[in-house]
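Working notes, beginning with the structure itself.
The values are calculated or read from the model by the stated rules, or taken from the named source; none is laboratory data. Keep in mind that this is a model prediction, so the values were computed, not measured. Here the Cβ positions follow ideal geometry from the backbone for every residue, glycine too, while neighbour counts run over all protein chains shown. In case anyone asks, the SASA skips ligands and DNA or RNA and just uses the protein heavy atoms, side chains included. Shrake-Rupley method; radii C 1.70, N 1.55, O 1.52, S 1.80 Å.
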Amino acid sequence: ELEARLARTLRTDGPVVLCQAEAVTLLEAVASSIAGRGHRVLNVATGPYGALFGGWLRRGGADVRDLLVGPEGLSQADFAAALAGRDTVALTQAEAASGTSLPLAGLLPIARAAGVLTVVDTVAAIGAEPIAVDEWGIDVAVMGGQKALAGPAGVSAAAVSARAWDRIAVNPGAPRSST
């Protein structure tokens, strides 16, 4: 029942994975699972959580280009140019520390048209900003309930597309167990 409710919140018909840990733990697990040698990732960093995500991707062996975005935002043209030659893009929908919010409804169709895997940190945004995993073509969306949803800390979830599961399955560096 909880997975079904979270899927409705994220606006996805796909599976939702629950994690009994802070959202930052799930974000690190996602980075470790999708990063790997040969992957070229655009990491759109709007604050400290985006910077952390880039570090986790690098640790996994990915070639990461950080695109630092401040409160002025990010244009579709600049995003498209930065995305060239990348197979993955990671974005933080809203960064609580900096107050920066990305216009995902306009950016993600560009990523989808380029065929890149899309990863979105929705932790600070969920419940405060629109999110549409299926409509926007998000492959992985990580959420936590402790911010705008006013839920408890220590519980997080992710919507994961079939395409993302396929990436994880062939990534030799992806964690296979929690031991």
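Tabulated values for the structure
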quantity: Check on Asp139, open to solvent by less than 70 Å² (accessible area, probe 1.4 Å), under 15 Å from the mean Cα position of the chain (by Cα) and acidic (Asp, Glu); calculated: yes
quantity: Extreme residue, nearest to the chain's Cα centre (by Cα), among residues of region 33-52 that are β-branched (Val, Ile, Thr) and assigned to a strand (DSSP E or B); calculated: Val44
quantity: Residue, farthest from Gln20 (Cα to Cα), within region 145-179, restricted to residues that are of a type in the set (Val, Ile, Thr) and open to solvent by less than 60 Å² (accessible area, probe 1.4 Å); calculated: Ile168
quantity: Hey, Ala128 over 15 Å from Thr25 (Cα atoms) and modelled with pLDDT under 90 or not; calculated: no
quantity: Candidate set: region 102-119, residues that are open to solvent by less than 50 Å² (accessible area, probe 1.4 Å) and not in a helix (DSSP H, G or I); chosen: the one farthest from Asp139 (Cα to Cα); calculated: Leu102
quantity: Unique match (being under 23 Å from His39 (Cβ atoms) and in contact with a Cys (Cβ under 9 Å, 6 or more places away or on another chain)) among Ala81, Ala158; calculated: Ala158
quantity: Out of Ala77, Ala21, sole residue that is among the hydrophobic types (A, V, I, L, M, F, W, C), assigned to a loop (DSSP other than H, G, I, E, B) and either closer than 21 Å to Arg167 by Cβ or over 15 Å from the mean Cα position of the chain (by Cα) (or both); calculated: Ala21
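For (1) of a type in the set (S, T, N, Q); (2) open to solvent by 40 Å² or more (accessible area, probe 1.4 Å); (3) within 20 Å of Ala174 (Cα to Cα), each residue gets a yes or a no:
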residue	(1), (2), (3)
Glu3	no, yes, no
Arg8	no, yes, no
Val24	no, yes, yes
Ala31	no, no, yes
Gly47	no, no, no
Ala51	no, yes, no
Gly70	no, no, no
Phe79	no, no, no
